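Since the structure comes first, as structure tokens, the remarks are kept for the end.
The values are calculated or read from the model by the stated rules, or taken from the named source; none is laboratory data. Nothing here was measured: the structure is a model prediction, and the numbers come from that model. Cβ coordinates were reconstructed from backbone atoms using ideal geometry, including for glycine residues, and neighbour counts include every protein chain displayed.
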Amino acid sequence: MQNNPPTQIILASQSPRRVAILKQMGIDCIVMPADIDESVKSDETPADYVLRLAKEKALAVFDQIDNTYKSMPILAADTTVALDSAIFGKPENDVDAVQMLKKLSSTQHQVHTAVAVVFGQQIELALNTTLVEMMPLSDAMIATYIASNEHRDKAGSYAIQGLAGNWIRRIDGSYTGVMGLPVHETAMLLNKIGRFK
């Protein structure tokens, strides 16, 4: 097998947003989604929750790959929206999404994204937390958004890079972190393992 280019990694996610962000960074990835239990543990903070899931996703893929891929870093990420200590993951259905958006309307909330890199015996973790201020949302605005189907598979039931970007008054932190993969932290972790400059 030929040596992999230093910027090729395994992405333990099927998120097209994360693939696009890595491509923007000049990083080629092989997509291998992780299948893990994403249930929240009792008394788990939103930050602890995403850090645990990112690490578990990376390790789950590491355990299932064969020796062909063992020389490649595995990158995983997990994003959640938090209002105070409440965790807003991906909506179970449209009704759940409506309830989430009503709760997030007119708030300042946090978006936590953890990144994990597994390479050989090394595990590196980083956390990005961004403060997001959302405008008041009417029932009609929420209904129109739900009809677009953009909310599906999105933490907090919205995507800042899509139609919901119109609702965001300001952010304090990382735009790419809210999208699901903070560029700075990702670059720092890959640099730590010597696979990114």
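So here's what we get for this one:
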read-out: Number of the exception - residue 71 against (1) among the small types (Gly, Ala, Ser); (2) loosely packed, with under 13 Cβ neighbours inside 10 Å; (3) within 28 Å of residue 142 (Cα to Cα); value: (3)
read-out: Qualifying residue in region 72-89 (condition: assigned to a helix (DSSP H, G or I) and not small (Gly, Ala, Ser)); value: no
read-out: Count of residues meeting criterion [buried (at least 18 other Cβ atoms within 10 Å of the Cβ) and farther than 20 Å from residue 120 by Cβ] in region 37-63; value: 6
read-out: Check on residue 22, under 15 Å from the mean Cα position of the chain (by Cα), touching a residue at least 60 places away in the same chain (Cβ under 8 Å) and within 16 Å of residue 125 (Cα to Cα); value: no
read-out: Search result, residues across region 127-162 that are surrounded by 15 or more Cβ atoms within 10 Å (Cβ to Cβ) and among the hydrophobic types (A, V, I, L, M, F, W, C); value: 127, 132, 134, 137, 141, 142, 146, 155, 159, 160
read-out: Any hit, region 104-122, residues being in a strand (DSSP E or B), of a type in the set (Phe, Trp, Tyr) and either at pLDDT 95 or above or within 25 Å of residue 56 (Cβ to Cβ) (or both); value: yes
read-out: Members of region 138-167 found to be assigned to a helix (DSSP H, G or I) and touching a Ser or Thr at 6+ places or on another chain (Cβ under 7 Å), listed by number; value: 155, 163
read-out: Conditions (1) of a type outside the set (Lys, Arg); (2) touching a residue at least 60 places away in the same chain (Cβ under 8 Å); (3) over 30 Å from residue 71 (Cα atoms); (4) in a strand (DSSP E or B); number of the one not met by residue 127; value: (3)
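Listed here are the residues, each with its yes/no results for (1) within 17 Å of the chain's Cα centre (by Cα); (2) over 20 Å from residue 37 (Cα atoms); (3) crowded, with 24+ Cβ neighbours inside 10 Å; (4) among the basic types (Lys, Arg).
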position	(1), (2), (3), (4)
76	yes, no, yes, no
84	no, yes, no, no
87	yes, no, no, no
91	yes, no, no, no
95	no, yes, no, no
106	no, yes, no, no
119	no, yes, no, no
122	no, yes, no, no
